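The next block holds one structure in the form of structure tokens; read it before the comments.
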Amino acid sequence: MAEPLLEVRNLVKHFPLPHTLLDAALRRPPETVRAVDGVSFALTRGKTLGLVGESGCGKSTLGRCILRLHDADRGEVRFDGVDLMQLTEADLVPYRKRVQVVFQDPYSSLNPRQTIARTLLEVLNVHRIGSPKERVRRVAQLLTQVGLSPTDAHKYPGEFSGGQRQRIGIARALAVEPELLIADEPLSALDVSIQAQILQLLLDLRASLGLTMIFISHDLRVVRYLSDEVAVMYLGKIVEWAPTAELFARPQHPYTIALLSAVPEVGGGREEIPIEGEPPSAVRVPHGCRFHPRCPWKMDRCLQESPELKEILPGHAAACHVAEARLTGGGQDMHSMVS
Amino acid sequence: MNEPLLTVDDLRVEIPTPRGIVQAVRGVSFAIDRGETFALVGESGSGKTMTCRAILRLVHPPGRITGGNVYFKGRNLVRLTEREMERIRGSGVVMVFQDPMTALNPVLTVEEQITEALSRAASASSRRDGAVELLRHVGIPDPERRLHAYAHELSGGQRQRVMLAIALARQPALLLADEPTTALDVTIQAQILRLIVRLQKEYGMALILVTHDLGVVYHVVDRVAVMYAGQIMELAAKRDLFARPRHPYTIGLIRSIPSVDRSRPLVPIPGLPPDLIGPGPGCPFAPRCAWASDECRTGEVPFVKVGDGHWSRCLKADQLEGITGG
């Protein structure tokens, strides 16, 4: 088995909430947002992991911890065998080239007063890639690669539409020939017809460049097209992990089942499994299984004991007492209620 | 024959900008019956939201309605005084918006905002009871306590529920919902859509849902108008629109939606939407259309009937017969 390109172990990132004098006077204990609360996974070179979940589940924070845009509190982020968390800012520089990111809103991540050429040249200069002449050629090549024209190099970000700006964001990330690309909701701000264009572009680039990708999204529909494996997050934890086809065919965790049934599909979707209520705050994480307050199938055990993420079918992991009990021959059959 | 509840006839909206005049809505016409559910679908800049705002005469200046009529229960809203229009907005036609945080008043409690919308004739205590009842009806847990909450204390889903409670307090005949679930997570979106459908039936309201999401359309409405570049491109019963689309833009939209359960390839629509400043002659979709020919780029394209209750603004509509989106 090949060594994974990326391995995350027990990653924890909590954000302390402001603790005011009044809080202290009233003897309120300091509170923290448990954004990422013990996440482990490994990603093989050349594969794409889809990281799915709703707002506040910690998927973006996890991405930022891997990029060291946030410093995690605990855990390891091993990239190509090296724990990035142990590196100083200076030692990180070569890794900043090997791991790149594309954000949701390319507009706020592009300098409005710089032409596209300058933005891209800056990246190449910082990482000392090629001679000045080669860099100019590389800019033209990058623009072509993402479906823009080399003549666009002299325009400013404001002259482009949302979809074109996302192409520029992708070109900038690819400029340094990264090995791992983290794409954080790169399609969410785009219209459907444009979203499909960018999705196709990511598929093409991945195939031609052999990129390893983490694709962060709230949209299961999009994730299905782009990912080899999918991790579903809920309140700071991965609750299910499986190869994409397996996850969509045999979802095991009630939250995944509910997410899939909530997608408004043309032509009618899956039988609706309405889950009521809203995700609790990551400040007051429920005792036991984090999903139990919204789970239609919860058992007594779920209120007491937090389930571990473990392999319950070949290559398919879930953190759910109910799914586990069902597979080992007890408990209710969720799928008789679903499929 | 019954008169429609709402008739929009050749509506036009223009917005002057430093670069020129944006023709946001270019001759939109449709009619809705009482209790009917209808969707205006389109991408950013298609004019779907502007059409809705124009119906309620809520176009922000310097944008303005430059032509057309809007008949609601037989009265032409375009001709009403601002005072009369306020009465219509207060009871006949009510709009809920994508972002309830900006639509709710941040310095008034939930109770104050709902009771304000309830009939003045009722006593204070019965209005309070009415507010509690409405909150319970839209699925707010612990409504008595929630009466005292401010908008910022509510989650996105709860804010949208409160917006719906305020709308229902006015007992509208027509609810305009502008992307009501776009800012919400998918499980919450499903809850709010179920709620809207339930309320629409219980109150017998007509509904115009403005959305970019054909998936949402499929689950909520009876009839659909697909908008592009300020015009309705196709108008049909939902079933016909998805089974027998007769406009290349509709076909393109359907084919570019990713699906959870069908592993068909995505077919993106190439190119970009047009600039609505001084749009040229011909079909605005022609530059992105695989079927387009010279006549599409030059001539006026009429809105023609292609089936029972099914209309398309396409010269090639006949050639599209038998093509499905999926």
Practice task
Report the residue count in the range A:153-163 for those that are more than 14 Å from every other protein chain (Cβ to nearest Cβ), in a helix (DSSP H, G or I) and more than 17 Å from A:ARG138 (Cα to Cα).
Solution key: 1
Problem - Enumeration of residues in the range B:108-126 that are more than 27 Å from the chain's Cα centre (by Cα) and over 25 Å from B:ILE192 (Cβ atoms) - result: B:ARG120, B:ALA121, B:ALA122, B:SER123, B:ALA124, B:SER125, B:SER126
Problem - Candidates A:GLU122, A:GLU134, A:GLU179, filtered to the one that is within 26 Å of A:PHE79 (Cβ to Cβ), free of Cβ contacts under 8 Å to residues at least 12 places away in the same chain and away from chain B (no Cβ under 14 Å) - result: A:GLU122
Problem - Which listed residue is within 14 Å of chain B (Cβ to nearest Cβ), more than 20 Å from B:LEU266 (Cβ to Cβ), surrounded by fewer than 23 Cβ atoms within 10 Å (Cβ to Cβ) and out of contact with any Cys (no Cβ under 9 Å at 6 or more places or on another chain), from A:GLU278, A:GLU265, A:GLU311 - result: A:GLU278
Exercise for the section: Taking A:GLN166 as the residue in question, decide whether it is more than 12 Å from chain B (Cβ to nearest Cβ), more than 30 Å from A:PRO314 (Cβ to Cβ) and buried (at least 24 other Cβ atoms within 10 Å of the Cβ). Expected result: yes
Handout entry: Candidates B:PRO172, B:PRO180 - the one that is away from chain A (no Cβ under 14 Å), in a loop (DSSP other than H, G, I, E, B) and in contact (Cβ under 8 Å) with a residue 40 or more places away in the chain
Key = B:PRO172
Problem - Elements of type helices (runs of 4 or more DSSP H) contained in the range A:1-103, each with 2 or more residues being over 28 Å from A:GLU308 (Cβ atoms) - result: A:21-25, A:89-98
Handout entry: Options B:GLY27, B:GLY92: the member that is in contact with a strand residue (DSSP E or B) (Cβ under 8 Å, 6 or more places away or on another chain) and farther than 30 Å from B:ARG128 by Cβ
Key = B:GLY27
Practice task
Starting from residues that are farther than 16 Å from A:TYR225 by Cβ and within 11 Å of chain B (Cβ to nearest Cβ), keep the ones in the range A:182-212 and report whichever is surrounded by the fewest Cβ atoms within 10 Å (Cβ to Cβ).
Solution key: A:ALA189
Problem - Qualifying strands (runs of 3 or more DSSP E) (wholly inside the range B:19-87; at least 1 residues being among the polar types (S, T, N, Q), at pLDDT 95 or above and buried (at least 19 other Cβ atoms within 10 Å of the Cβ)) - result: B:37-41
Exercise for the section: Kindly indicate whether any position in the range B:286-295 is part of a helix (DSSP H, G or I) and within 14 Å of chain A (Cβ to nearest Cβ). Expected result: yes
Problem - Where A:ARG165 falls short, out of the listed (1) of a type in the set (D, E, K, R); (2) under 23 Å from A:ASP191 (Cβ atoms); (3) out of contact with any Pro (no Cβ under 6 Å at 6 or more places or on another chain) - result: (3)
Handout entry: Answer from A:VAL52, A:VAL77 - the residue that is under 16 Å from the mean Cα position of the chain (by Cα), aliphatic (A, V, I, L, M) and within 14 Å of another protein chain (Cβ to nearest Cβ)
Key = A:VAL52
Completion exercise
If we keep only residues of the range B:1-18 that are part of a strand (DSSP E or B) and exposed (fewer than 14 other Cβ atoms within 10 Å of the Cβ), then the residue modelled with the highest pLDDT is B:ASP10
Exercise for the section: Of the conditions (1) within 24 Å of B:ILE188 (Cβ to Cβ); (2) in contact with a helix residue (DSSP H, G or I) (Cβ under 6 Å, 6 or more places away or on another chain); (3) outside any helix (DSSP H, G or I); (4) among the hydrophobic types (A, V, I, L, M, F, W, C), A:ILE312 clears all except one; give me its number. Expected result: (1)
Practice task
Can you confirm whether the range A:219-235 contains a residue that is of a type in the set (A, V, I, L, M, F, W, C), more than 7 Å from every other protein chain (Cβ to nearest Cβ), free of Cβ contacts under 8 Å to residues at least 24 places away in the same chain and within 19 Å of B:PRO258 (Cβ to Cβ)?
Solution key: no
Problem - Pairs, first within 11 Å of B:SER29 (Cα to Cα) in the range B:64-76, second assigned to a strand (DSSP E or B) and small (Gly, Ala, Ser), C-beta under 8 Å, six or more apart - result: B:GLY68/B:GLY27; B:GLY68/B:SER29
Fill in the blank from the handout: Exception for B:PRO281 within (1) modelled with pLDDT under 90; (2) within 11 Å of chain A (Cβ to nearest Cβ) falls at (2)
Problem - Inter-residue pairs, beta-carbon under 7 Å, first within 11 Å of chain A (Cβ to nearest Cβ) and in the range B:242-255, second polar (S, T, N, Q), 6+ apart - result: B:ALA243/B:THR324; B:GLY252/A:SER193; B:LEU253/A:SER193
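The values are calculated or read from the model by the stated rules, or taken from the named source; none is laboratory data. Computed from a prediction, not measured in an experiment: that's the story for all the values here. A quick note on method: Cβ atoms are made from the backbone with ideal geometry, for glycine too, and the neighbour counts reach across all protein chains shown.
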